[in-house]
Amino acid sequence: MSRIFHYLEAMLLILISISVFTTVSSRPIATGPEGNVAATSVILKSSDGEKFDVKLQVALQSEAIKQMIIDGGFSSKIELSFPNITGEIMAKVLDYCHKHVYYDGAGNNLTAVEEMKVFDTQFVDVHYETLFKLVLASNELKIKSLLDLVSGRIAIMIKGKEVEEIREMFNIKQGSCVDHFTKQDSVRENGWAFGSS
């Protein structure tokens, strides 16, 4: 009986040790290579000078920001400038990132999944000029999920429209790449967008 008790006690000790080790090892790095304190937030500066103090976890959804931080090294204060993104668009992008950083790991939580679908639908329910700016911003920031979401909305908006309507919608000037394709070329090369196979 005492043998079984010692065996169970040893197993319990091993399980507790594993639990403590995995909890500690899964925590984010708090210091940089030289031991200085790493930032817990980052300041993003838009083209019109607006500054956004963003939690690092939210900002790291952007592959571009992640790479800029890696290239710049660890620091207690990180400020990054984005001269092609206005404050209005940056605020919208950060709203998306903030929402998704906390809901994307929800897994099979149906309530969270439904909330995200509703959020995403409302997020892209904006004027096409805003959508176009969001595409450019998400491309520059390299946020693939946002780029996919906004591009999908634009695809729905232009489906079935004539070239002239699309040109007017996105303010595309004469002599651009659109002029080199006929409608037949577009249907043949991009049949999925026109509902054909």
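Could you give the nm distance between label points at Asp148 and Glu50, where each point is 7 Å from its Cα heading toward the beta carbon?
Result for the modelled spin labels: 2.8 nm.
Obtain the nm distance between the two label points defined at Ser41 and Ile70 by a simple spin-label model: each point lies 7 Å from its Cα along the Cα-to-C-beta direction.
Using points 7 Å along Cα→Cβ, the separation is 2.6 nm.
Taking the Cβ-Cβ separation of Phe132 and Val101 as r and a Förster radius of 22 Å, what is the calculated FRET efficiency to the nearest 0.05? Each step should come with its number before you reach the end.
Details: r = 25 Å, r/R0 = 1.13.
Here the calculated transfer efficiency is 0.35.
Please go through the residue pairs Lys92/Lys161; Lys133/Lys159; Lys51/Lys117; Lys142/Lys173 and name each one whose alpha carbons sit more than 22 Å apart in this structure.
Lys92/Lys161; Lys51/Lys117; Lys142/Lys173
Quick one: which of 157-168, 128-139 comes out on top by average Cβ neighbours within 10 Å, and what's the full order, highest first?
128-139, 157-168
What is the gain in length, in nm to one decimal, between Thr121 and Glu164 on full extension, counting 0.36 nm per residue of separation less the C-alpha to C-alpha distance?
12.8 nm
Between Glu140 and Thr111, what FRET efficiency follows from the Cβ-Cβ distance if R0 is 30 Å, with the result rounded to 0.05?
With a Förster radius of 30 Å, E is 0.35.
Roughly how many nanometres apart are two label points built 7 Å out from the Cα toward the Cβ at Ala155 and Asn171?
2.6
Using a/c under 1.5 as the rounded threshold, could you call the range 38-168 rounded, prolate or oblate? The axes a ≥ b ≥ c are square roots of the C-alpha gyration tensor eigenvalues, and prolate needs a/b larger than b/c, oblate otherwise.
Oblate, since a/c reaches 1.5 and b/c is not below a/b.
Given that compact globular proteins tend to follow 2.2 N^0.38 Å, what is the ratio of the alpha-carbon Rg of the range 37-88 to that value?
The range 37-88 yields a ratio of 1.06.
Here, each number is a calculation from the coordinates, and none is a lab measurement. Only a predicted model underlies this, so the values are computations on that prediction, with no experimental measurement involved. In this analysis, Cβ positions are derived from the backbone assuming ideal geometry, glycine residues included, and neighbour counts consider all displayed protein chains.
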